[in-house]
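Here's the structure, in structure tokens; my notes come after.
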Amino acid sequence: MNDLSLTSTRNRNCRNGLLLAALCLPTLIAHAQQPLKTLLVGVDRRSVTSLNGDWHYLVDQPPARSLYTSDGKIRDNGYALNTHPNIDSGPHNEEYDFATAPTLKVPGDWNTQDPTLFRFEGVVWYEHDFDFHAKPNSRTFLHFGAANYKSFVWVNQKRICDHEGGFTPFDCEVTAALKDGSNFVVVAVDSTREVDGIPSTGIDWFNYGGLTRDVSLVTLPTQFIDDYDVHLKRESTFSAVSADRLSGYIHVEGASAGTPVTLRVPEAGVNATLTTDADGRASFDLKTNKLELWSPATPKLYKVELASGQDKLTDDIGFRDIRVDGTRILLNGKAIFLQGANMHAEAPYRTGRACTDEDVKNIFGFLQDLNANFVRLAHYPHDERMERAADRDGIMIWSEIPLWQHISFEKPEVYAKAAFMLNEMIRRDRNKASVILWSVSNETPNNPVRTQFLTNLANEARKLDSTRLITSALLGPHAKGDEMVQDDPFANALDVVGQNEYIGWYDMRPEDADNIKWVLPQKPILISEFGAEAKQGVHGGKDQRWAEEQQVNVYEHQFVMINKIPQVRGLVPWILMDFRSPTRNIPKLQDGFNRKGLLSEDGKKKQAFYLFQKTYKEHSVGKPE
Ligand code: GCU
């Protein structure tokens, strides 16, 4: 899955064919931006009504009541009505009944819950009844942690909202649609991959569909805090002794200018009353006591109390400084080396989309056992529980939008989608100290249209959040004589460069890595993917593919190579755990799983796991400076 030679026909054609589009792309983008709908930050720190549990479901059945009408519109008078058949009625009774239909657990993908839906990719309708008792002067939202890939929501037969994107949260206001007493919600989730989707159609992971994360009802006062950013003030240079200022903003939806907002961080000696501007935003830059800074060694979190009018919210936030200095990555002014692993949101032991406390506890157990201080959450934002656990446990995170390999870079509407997802990712996690890197893509083809697209996206990320580093995982280098050259121009837009390569598995022999001369940008480099497949329990010689010993051999030669690259500041083997991928079909070896894990999907360690555990404990590969 890794094309080391960037001069392939594919890239050449792509480059020639799209040059013109590159020239007009920026102007096309201008009118493509979409306003961000309400997106509640800190929902997991509010008291909400959980709608998790059993939801009735049925698979979309064209043409009578299906989600899409024959002219491609969304049908509002089909299953969304949630009517019930009257068995004794005449010939035209409704021929479906959610109330007596089977159920799926929410959160959770449908693929691993119902064997008949294992490979299903399409539309599943969900229905759930719930009681509600309105409070005066309040607004109520349905909050979805994520749903893959497109969602269409009705409450009490009223169309509420749509959302595109399988890995980021969204909110739909239901205030006007709710009744006092019993209500119902119907959600159609379409998991179909689309050429103009993000990701597009070719992915190397399992396209788990459904309401894959928590669903809840959030009732708020008419003026409420929907967004905030509380971070250590970023000075031009970092000094630990002057780490005593917090800056950021609190946004109060529905507030007019001059509305009071209080910000309290008791342990930091902050107790401030702010006022909103005409946009409802209260900005601040406040002196604090000397702060205990967040780091893997001391993952200190502060209670941060926000309040405005009838609304209040308490979050747990860590304060730290992350920046680059030449080819070094500095955390709180100290050079660091990231010892980590990649991870898909695959649930250990049970497989399926990871979405529970249990899943997260298992994943972080593996990371602790590995002596890791870092994890790349590939290739999309994971469940918010992951960032919460990383904040608590002191694991740094690379967070990424699912812009994977080939997407429709030439289409402004696709840029708008990417920017929207980037907004959603950053908005949800900007207060999580563990997140140090925002990534805008993975392994995209090097051509002018794509480079312009991604450079705009990287700059958009910086505009949204000037306190973190921007990165991306680049495709392998190309050979130039006896050198491997990484001269992708997109690297110029990055603070940290992710370099994927599979020398010894997809390309060349493991021992060839020992003598490679790399030519890389003079920036911090993370080896953001490297490794080989091995079936856990298969043993043989170091050159026997699929044997655990072979996987170790690839890594041992990689370590020799990496120790010769001075600007490498992190190891991110692909991947912590084997994961489902329909493209991996060698019987008895893959059986539908990508086997590059250091662990099998049922948590069994391969020899390579112990190699990294020892390497990380001894810090024997790579240097922070
Ligand atoms: C690529 C890609 C991964 C994929 C991996 C592989 O680098 O980023 O998503 O799973 O290679 O081929 O195993």
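Only Cα pairs under 8 Å and at least 6 apart count here; give the relative contact order of the chain as a rounded whole percent. Mind dumping the intermediate values first?
On the way: 1486 pairs, mean separation 81.0, N = 625.
Averaging sequence separation for qualifying contacts and normalising by length gives 13 percent for the chain.
Go ahead and collect, in residue order, the members of the range 377-398 whose backbone nitrogen is under 19 Å from a label point 7 Å along the Cα-Cβ direction of LYS105.
Label zone hits: 383-386.
I need the calculated FRET efficiency for the pair THR175 and SER256, taking r as the beta carbon distance and R₀ as 25 Å, to the nearest 0.05.
Numbers: r = 20 Å, r/R0 = 0.79.
Step by step, r from the Cβ atoms, then E = 0.80.
Roughly what would the spin-label model give for ARG45 and ASN563, points 7 Å off Cα along C-beta, in nm?
The two pseudo-label positions are separated by 4.4 nm.
What shape does the chain take by its C-alpha gyration tensor, where a ≥ b ≥ c are the square roots of the eigenvalues and a/c under 1.5 counts as rounded, a/b above b/c as prolate, and the rest as oblate?
Details: a/c = 1.67, a/b = 1.22, b/c = 1.37.
Since a/c reaches 1.5 but b/c is at least a/b, the shape of the chain is classed as oblate.
Between the alpha-carbon centers of the range 502-574 and the range 35-85, tell me the distance in whole angstrom.
Using only Cα atoms to place each centre, the spacing works out to 45 Å.
Going toward the positive end of the dipole of the chain, with +1 on Lys and Arg Cβ and -1 on Asp and Glu Cβ, which of PRO199, SER295, LEU437 do you reach last?
Value computed over the given set: SER295.
Once you have the Cα-Cα distance between ARG509 and SER182, take 0.36 nm times their residue separation minus that, and quote the gain in nm to one decimal.
On the way: separation 327, 0.36 × 327 = 117.72 nm, distance 6.46 nm.
That pair, ARG509 and SER182, stretches by 111.3 nm at full extension.
Using θ = phi - 60° and the Karplus curve 6.51 cos²θ - 1.76 cosθ + 1.60, what whole-Hz ³J(HN,Hα) does each residue of the range 600-612 get, with Gly and Pro shown as x?
Running phi through 6.51 cos²θ - 1.76 cosθ + 1.60 with θ = phi - 60° gives 7, 5, 9, x, 8, 6, 8, 4, 5, 4, 5, 4, 5 Hz.
Pop a pseudo-label 7 angstrom from the Cα along the beta-carbon direction at both ASP543 and ASP97 and give the gap in nm to one decimal.
The two pseudo-label positions are separated by 6.8 nm.
Tell me what the chain gives for mean residue ellipticity at 222 nm when only DSSP H runs of n ≥ 4 count, each as -39,500 (n - 2.57), the sum divided by the residue total, rounded to 500 deg cm²/dmol. Don't jump to the answer; show the numbers that get you there.
On the way: 7 runs with 107 residues, N = 625.
Value at 222 nm, helices only, nearest 500: -5500 deg cm²/dmol.
Of all beta bridges DSSP finds with both residues in the chain, what is the antiparallel percent, to the nearest 5? Don't skip to the end; give the middle numbers.
Numbers: 89 of 124 bridges.
So the antiparallel bridges in the chain amount to around 70 percent.
Extending each Cα 7 Å along its Cβ direction at LEU81 and ALA64, get the distance between those two points in nm, one decimal.
Computed distance between label sites LEU81 and ALA64 equals 1.1 nm.
Starting from the range 83-144, pick out the trypsin sites (Lys or Arg not before Pro) whose DSSP state is loop and whose Cβ has at most 11 other Cβ atoms within 10 Å.
Here the sparse-neighbourhood loop sites are ARG119.
Under 5 Å between amide H atoms, partner at least 5 residues away or on a different chain: which partners does ILE74 have, H built in plane at 1.01 Å?
Amide H neighbours of ILE74, under 5 Å, 5+ apart: THR69.
For TYR228, enumerate residues with amide H under 5 Å from its amide H, sequence gap 5+ or separate chain, H modeled in the peptide plane.
HIS251
In sequence order, what are the phi-derived ³J(HN,Hα) couplings for the range 405-421 according to the Karplus relation 6.51 cos²θ - 1.76 cosθ + 1.60 with θ = phi - 60°, rounded to whole Hz, with x for glycine and proline?
Once rounded to whole Hz, the list reads 6, 9, 10, 7, 4, 7, 9, x, 5, 6, 4, 4, 4, 4, 5, 5, 5.
R0 = 45 Å: FRET efficiency of GLU235 with LYS361, Cβ-based, nearest 0.05?
Numbers: r = 37 Å, r/R0 = 0.83.
It comes to 0.75.
Shape verdict for the range 43-217, please, from the Cα gyration tensor: rounded (a/c under 1.5), prolate (a/b greater than b/c) or oblate. Write down the numbers at each step before the final one.
Numbers: a/c = 1.58, a/b = 1.06, b/c = 1.49.
In terms of gyration-tensor shape, oblate.
In whole Hz, with x marking every Gly and Pro, tabulate ³J(HN,Hα) for the range 434-444 from phi via Karplus 6.51 cos²θ - 1.76 cosθ + 1.60, θ = phi - 60°.
5, 6, 10, 10, 9, 10, 9, 5, 9, 6, 9
Assign one of three labels to the range 161-286, namely rounded, prolate or oblate, based on the Cα gyration tensor with a ≥ b ≥ c the square roots of its eigenvalues; rounded applies when a/c is under 1.5, prolate when it is not and a/b is larger than b/c, and oblate otherwise. Can you show the working numbers first?
On the way: a/c = 2.85, a/b = 1.48, b/c = 1.93.
Taking the square roots of the gyration eigenvalues as a ≥ b ≥ c, the range 161-286 is oblate.
Every number here is computed from the coordinates shown, using simple stated rules; none is lab data. These figures come from a predicted structure and were not determined experimentally. FYI the Cβ positions are ideal-geometry reconstructions off the backbone, even for glycines, and counts take in every protein chain you see.
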